[in-house]
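One structure is given here, and the rest of the page talks about it.
The values are calculated or read from the model by the stated rules, or taken from the named source; none is laboratory data. Remember, predicted model here, so these are calculated numbers, not experimental data. Glycine also receives a Cβ, built like all others from the backbone with ideal geometry; neighbour counts cover every protein chain displayed.
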Amino acid sequence: MKKRLALFNIVLLSGTIHAQGVVLNCQQDDGLLFPKQTLSTDDSLNVIADRSEITKKDQYLLTGNVSLNSSEYYLAADRINIKKSSKTSSATGNVKFQDRDLMMIADTAFVQKKDDSTYTSLERIKFHYPKLQINGGAKKITNNGVEQVFDSSTYSLCPLGNTDWRMKADKITLNTAANQGVAEDVTVEFFGVPIFYSPRHTWVLEGRGSGFLAPAFGSYNDSNSSAYQVRIPYYFNIAPDRDFLLSLNQLSSRGSVLEGKYRQLITGGDNWDSGRFEAEGHYLYKDDITSQDRWLLNSKLDLTLNKRTKLNIVTNRVSDTDYFKEITHEDTSVSSLDSHANLLYDDEKRNLYFSVFSENKQLINSGAETYTRAPEVLISKDVEALGGRNINLSILSTKFAHKNPDKDTGIRTHAQINFSRTISNNAYTLTPSLNISNTDYAMNGSANQNRSIAQFRLDSKLFLERETRLFDRDVIQTLTPRLAYNYTPKKDQIDLPNFDSEAKSNSYESLFSSQKFTGIDRINNANDITIGFESDFIDEETGSTYLSLKAAQAFYSDDQDLDINGALANRRKYSDIFASANFTFNDYTFNNAFQYNPETSKIDKRDSAITYSLSPRKFLTIAHHDDQGKKSVELYGAYPVFNNVHIFTGINRSLTDSITNKETTGIAYESCCWAVRLAHFKKHLSGNDYDYVTKFELVLKGLASSTPELARRLEKNIPNYLANLDD
């Protein structure tokens, strides 16, 4: 017959192994070492046993399905001895232990209360942390209240009974007071095969800790031959506000590249509030092919001086123009590396903005020299008046430099004042604006120039809506007719230099703004009216937009306008028609934008895309582009071919030239506790020259994570793809 006894409290103290940031992508079917027990809600110790006896004056023997349950722990065994004078107890036979975090089964358990600490010892144990999904085993576990020691232990984040990967250690010591764990003679096994060994490994129990990250493997083509790459990273957790990542990147064709990245949070001081600093450096001593030292040096400083003032300094430098092409095999289409310093002052109460900006550029790959701003100063002030009136005054002064001595250089100062007012209600908006500007050019080695110009713009919208049905659903259709008038006097600007103006790609919005160029050096004339409409079909219940339509066309009263050279050129009396239609229904999205030429009755430009998406690992996007006869197609997608296996691809191909500009393909396998991915990249350089790179990574979840560089590259090349295998 079972008896309940009221005994003194026995406290078992157990440390916790922490696995920061571990999230498994599948359930473990609620697997536990034994059924989870509900701990007592009061301070008493509840004891259940088939038999109990007093063997000596202060000793109790409990046998037969014994269980002790308190607010701190649950202990069950076939046999438990309790000695009251020495405050000890021992359990044997089918021992089960549970506290708030940990579950264990063992052959024996020993507990002794010493002052304010509790000493515990268990032998031949299997342990499990249900919340952290950690499990393992040990020959012996001892705990003195501060330090917990695991002898001959194993550790894994695989589900119970799964040992696809595990970490084995001769001894693991967890010191809660020092917040440190130390493992000796550590071996990582993958399907029983040792893949990593370290004589000693330390980490923090809570927060970040130092240690090896997942190595990266790959192959690439170099000088028309295949080569391989191995990167081994080690993470240093220097302090809570700083860390350092050190990597050895072995390139079989070039040599060993030593890579380092330092990050630090900057705490407040006498002259600033907070900030962040990053520095990254790569160094290759005597390239095996070129016999030259190759290096990369990047840094970034973001400093908040006060609530209104910020400082940003960025530097990017490499040893030579072919560094990315030959060493990293990334960013091969980038033409320059930008370095700059920027000081910002933004006073929202006074509506005052001030900035100082200076830049420098280094050409890389096959880039051409461009103008640099060194420096540029901007002052802007907004004045709010009654009745929605707004006045903006600004002055922008820029010194333009160029490394080519034949190029025009000098200082451009652009001052303007803008008056605007918005008149609106629920039915319409009307926004007139007037902009008056003066641009002065102080040139080096040529005559100074000046331009004064005024611009008037009137933009209006009318808001209409009705209830209707679309695809057997109740929707609200909005209709927004839009009318804009723009006036800018005609001015020949052929004598003005062109530092930063380029022709804009025409679009729906550019028609209403009537701006043909970026920058300030070219301001085109205008005396035109733009007519357009917008219409949306919105679900009444969810607020989702099923269908969105836009169309616009401009009509010109002038038969001439400005070209990029600053000269006046003939044009027709009307623009092309710009229109778009975007449709979303369930898991499908259709996007279509086109530019229709009424003169030729042909579509000069079209961008079309169809997307089917169920998840970031199951989607397909097909896009087609036609720009004045230059046709290209894009294909992006991922698909789970099996339960744990998915393939992914991203292709950009020119149909006109029959050239694949960029191609990304790969396959990944994911289980509950590990993942593997193989990715192949192909990029067109020039002519028949392509760059090929293959990357391989193994992720032991909880021990190693996805390679950040590879994940970023995949998500850049395949929009909507989730590349992180840790989740």
- Message: Condition first: under 15 Å from His329 (Cα atoms) and either acidic (Asp, Glu) or at pLDDT below 90 (or both). Now tell me which residues in the stretch 687-708 satisfy that.
- Response: Asp689, Tyr690, Asp691
- Note on the structure: Of Ser705, Ser632, Ser654, Ser658, the only residue that is hydroxyl-bearing (Ser, Thr, Tyr) and within 25 Å of Asn162 (Cβ to Cβ) is Ser705
- Do you know which residues across the stretch 232-247 are surrounded by fewer than 15 Cβ atoms within 10 Å (Cβ to Cβ), under 13 Å from Leu265 (Cβ atoms) and either in the same structural domain as Pro708 (by TED's automatic domain parsing) or not small (Gly, Ala, Ser) (or both)? Ile238, Pro240, Asp241, Arg242
- Message: Yes or no: the stretch 503-516 includes at least one residue that is surrounded by 15 or more Cβ atoms within 10 Å (Cβ to Cβ) and more than 24 Å from Ser420 (Cβ to Cβ).
- Response: yes
- Message: Among (1) buried (at least 17 other Cβ atoms within 10 Å of the Cβ); (2) under 24 Å from the mean Cα position of the chain (by Cα); (3) over 18 Å from Asn298 (Cα atoms), there is one condition Phe212 misses while meeting the rest; what is its number?
- Response: (1)
- Query: Does the stretch 450-459 include one or more residues that are under 42 Å from the mean Cα position of the chain (by Cα), surrounded by fewer than 16 Cβ atoms within 10 Å (Cβ to Cβ) and among the hydroxyl-bearing types (Ser, Thr, Tyr)?
  - Reply: no
- Task: Kindly indicate the residue of the stretch 558-590 that is exposed (fewer than 13 other Cβ atoms within 10 Å of the Cβ) and within 27 Å of Tyr546 (Cβ to Cβ) and also modelled with the highest pLDDT among those meeting that condition.
- Result: Tyr588
- Task: Enumerate the strands (runs of 3 or more DSSP E) found wholly within the stretch 27-80, keeping only those where 3 or more residues are within 25 Å of Arg100 (Cα to Cα) and under 51 Å from the mean Cα position of the chain (by Cα).
- Result: 59-69
- Task: For the stretch 352-375, enumerate the residues that are hydrophobic (A, V, I, L, M, F, W, C) and either touching a residue at least 60 places away in the same chain (Cβ under 8 Å) or not in a loop (DSSP other than H, G, I, E, B) (or both).
- Result: Leu352, Phe354, Val356, Phe357, Leu363, Ala374
- Task: Report yes if some residue within the stretch 32-45 is in contact with a Pro (Cβ under 7 Å, 6 or more places away or on another chain), within 30 Å of Leu132 (Cα to Cα) and at pLDDT 75 or above; otherwise report no.
- Result: yes
- Search result, residues across the stretch 539-560 that are acidic (Asp, Glu) and under 44 Å from the mean Cα position of the chain (by Cα): Asp539, Glu540, Glu541
- Task: Would you tally the residues in the stretch 111-126 being assigned to a strand (DSSP E or B) and without any contact (Cβ under 8 Å) to a residue 60 or more places away in the chain?
- Result: 8
- Query: Do we find a residue being closer than 26 Å to Phe324 by Cβ, assigned to a loop (DSSP other than H, G, I, E, B), within 19 Å of the chain's Cα centre (by Cα) and not small (Gly, Ala, Ser) anywhere in the stretch 697-709?
  - Reply: yes
- From (1) at pLDDT 95 or above; (2) surrounded by 15 or more Cβ atoms within 10 Å (Cβ to Cβ); (3) touching a Lys or Arg at 6+ places or on another chain (Cβ under 9 Å), pick out the condition that doesn't hold for Ser380. (3)
- Filter the stretch 132-159 down to the residues that are farther than 21 Å from Ala704 by Cβ and outside any strand (DSSP E or B), then identify the one that is modelled with the lowest pLDDT. Gly145
- Of the candidates Asp440, Asp408, the one satisfying the condition of being closer than 16 Å to Asn498 by Cβ, more than 40 Å from the chain's Cα centre (by Cα) and not assigned by TED's automatic domain parsing to the domain that holds Ile520 is Asp408
- Hits in the stretch 602-618 (condition: exposed (fewer than 15 other Cβ atoms within 10 Å of the Cβ) and of a type in the set (Val, Ile, Thr)): Ile603
- Message: Which pairs turn up if I take residues in the stretch 709-727 that are buried (at least 19 other Cβ atoms within 10 Å of the Cβ) and at pLDDT below 85 and look for partners that are of a type in the set (A, V, I, L, M) and not in a helix (DSSP H, G or I) with beta carbon separation below 7 Å, at least 6 apart in sequence or on another chain?
- Response: Leu725/Ala668; Leu725/Ala675; Leu725/Val699
- Message: Of the residues Thr656, Thr665, only one is β-branched (Val, Ile, Thr), more than 30 Å from Pro159 (Cα to Cα) and outside any strand (DSSP E or B); which?
- Response: Thr656
- Task: Just need a number here: residues in the stretch 465-488 that are within 29 Å of Thr431 (Cα to Cα) and surrounded by 13 or more Cβ atoms within 10 Å (Cβ to Cβ).
- Result: 14
- Among the candidates Asn435, Asn426, residue that is within 41 Å of the chain's Cα centre (by Cα), in a strand (DSSP E or B) and at negative phi: Asn435
- Query: Checking Asn644 against (1) of a type in the set (S, T, N, Q); (2) surrounded by 17 or more Cβ atoms within 10 Å (Cβ to Cβ); (3) in contact with a strand residue (DSSP E or B) (Cβ under 6 Å, 6 or more places away or on another chain), which single condition isn't satisfied?
  - Reply: (2)
- When you scan the stretch 568-581, how many residues do you find that are within 45 Å of the chain's Cα centre (by Cα) and farther than 14 Å from Glu599 by Cβ? 4
- Query: Which ones in the stretch 680-724 are in contact with a helix residue (DSSP H, G or I) (Cβ under 8 Å, 6 or more places away or on another chain) and closer than 30 Å to Gln133 by Cα?
  - Reply: Lys695, Glu697, Tyr721, Leu722, Ala723, Asn724
- Query: Across the stretch 364-377, which residue is farthest from Leu337 (Cα to Cα) among those that are among the aliphatic types (A, V, I, L, M) and surrounded by 15 or more Cβ atoms within 10 Å (Cβ to Cβ)?
  - Reply: Val377
- Which condition breaks for Ser152 when tested against (1) surrounded by fewer than 22 Cβ atoms within 10 Å (Cβ to Cβ); (2) hydroxyl-bearing (Ser, Thr, Tyr); (3) within 23 Å of Arg100 (Cβ to Cβ)? (3)
- Residue that is nearest to Lys361 (Cα to Cα), among those in the stretch 418-445 that are surrounded by 15 or more Cβ atoms within 10 Å (Cβ to Cβ) and β-branched (Val, Ile, Thr): Thr439
- Item | the stretch 625-641, residues that are surrounded by 15 or more Cβ atoms within 10 Å (Cβ to Cβ) and over 27 Å from the mean Cα position of the chain (by Cα) | His625, Asp626, Lys631, Ser632
- Task: Within the stretch 316-371, work out how many residues are among the charged types (D, E, K, R) and under 24 Å from Ile411 (Cα atoms).
- Result: 4
